[in-house]
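Visitor: Let me begin by handing over the structure; questions about it come next.
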Amino acid sequence: MKIAYYLNEERKKNLYCRISDGTERVTFSLDYAVDPKEWNAKKEEVSDKNEYHYTLIDFKRYLTKKYHEFQIEGKDKILERLKNEALSFTKESGLEGIAGNMFDYFNEESKLPKYKEFIQAFEKFGKLKKGEYKVETVGELIHFHTKNEIYEMHTYAGQTSLLKSYIEKKSYDEIVSMTDEYIWNEIYLDPGIVKSKFMPEMLREWEIYWAEEYRDVREKSGKIDHLNELKQQSWRQFQVFMECYNDSPNIIELASKIDESCLYPISVITMLNIFDAETCYSEYCEHEFFIENEWETVSVNDDDSSPVFFIRKCEF
């Protein structure tokens, strides 16, 4: 099965989707007008500056998943079923209907508030009405584009889901670039961890890190000679880390100073392996949303049953 987006030049709302499977094919409108300047014909996608860039990526994932589910269930006329689902999403609000459904679908397990609740909370916060802002879904959070500003809206559940994903998938680069070292430092400082407990676990994580590095490079190029020297250098840094452990009040900070790309993320993973991870995620969210004081809070209704949202201006 192949899913492709294309522009129908005969229509004002020119964005269309084509799903093909052998000799079968269906096409349908996504009820949205794309500025040709924002269209990449080679990649068959809108620019990443378009608010629906990530929605369209998610929608392909959704259609592919549903296609295989229908196959397993022995359904007939699968492409027609997929088309009808898409049309049901766009019936009332066009491509925004797909955006809302994709956001709710892919965040259901994380127990995020619904897309409509984000919208209601932002309209309350900004005192704006539909049409006075644009909505961009980005994973677990939502960006709101107004005439002069871009805001991001987040939740405890969304931040927890992100952190859990980075840690459980051992996404080292994301731990470095997408999380706050200062907050991890604060979490570590509370109870601390004795060296005899921390070091064996961190050594295990260091070995996992390098096993994954070798595997990834073999799969991409097959040439691993340069990794041998990098691993030896990393081992020397690890030895410095061990020697400085007892004299450092904060091990996460120490790891970052010695080697931010390897020792720092694995020190964070090690800490969460030893501490109760769920408690650490909760503490991280408390620091992020309340102690750091960059976020404003807003809820749809003024009662305990209404989810709390956190909002701030985007820096970019």
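Visitor: Have a look at Ser165, Trp235, Gly131 and report the one farthest towards the positive end of the charge dipole of the chain, computed about the Cα centre with Cβ charges (Lys/Arg +1, Asp/Glu -1).
Guide: It is Gly131.
Visitor: Taking a ≥ b ≥ c as the square roots of the eigenvalues of the Cα gyration tensor of segment 229-272, is the shape rounded (a/c under 1.5), prolate (a/b larger than b/c) or oblate? Don't skip to the end; give the middle numbers.
Guide: On the way: a/c = 2.12, a/b = 1.29, b/c = 1.65.
Since a/c reaches 1.5 but b/c is at least a/b, the shape of segment 229-272 is classed as oblate.
Visitor: Something else now. Just list whichever of Lys65/Lys91; Lys83/Lys111; Lys49/Lys147; Lys164/Lys195 have alpha carbons separated by over 20 Å in the model shown. Let's see the in-between values first.
Guide: On the way: Lys65/Lys91 22 Å; Lys83/Lys111 28 Å; Lys49/Lys147 15 Å; Lys164/Lys195 25 Å.
Over 20 Å apart, Cα to Cα: Lys65/Lys91; Lys83/Lys111; Lys164/Lys195.
Visitor: Is the C-alpha gyration tensor of segment 118-230 telling us rounded, prolate or oblate? Criteria: a/c under 1.5 is rounded; beyond that, a/b larger than b/c is prolate, otherwise oblate.
Guide: Oblate shape, in that a/c is at least 1.5 and b/c is the bigger or equal ratio.
Visitor: Now, a different point. For the chain, take the longest principal axis of its alpha carbons; what is the angle in degrees between that and the long axis of helix 225-244, to the nearest 10 within 0 to 90?
Guide: 60
Visitor: Quick one: plug the Kirkwood hydrodynamic radius of segment 154-201 (C-alpha pairs) into Stokes-Einstein at 10 °C, 1.306 mPa s, and report D in µm²/s. Display every interim value, and only then the final one.
Guide: On the way: Rh = 12.3 Å.
This corresponds to a translational diffusion coefficient of 129 µm²/s.
Visitor: Rg and Dmax of the chain, Cα atoms, in Å?
Guide: 23.5, 71
Only the coordinates and a few stated rules stand behind these numbers; no lab work does. Remember, predicted model here, so these are calculated numbers, not experimental data. Neighbour counts run over all protein chains shown; Cβ positions are idealised from the backbone, glycine included.
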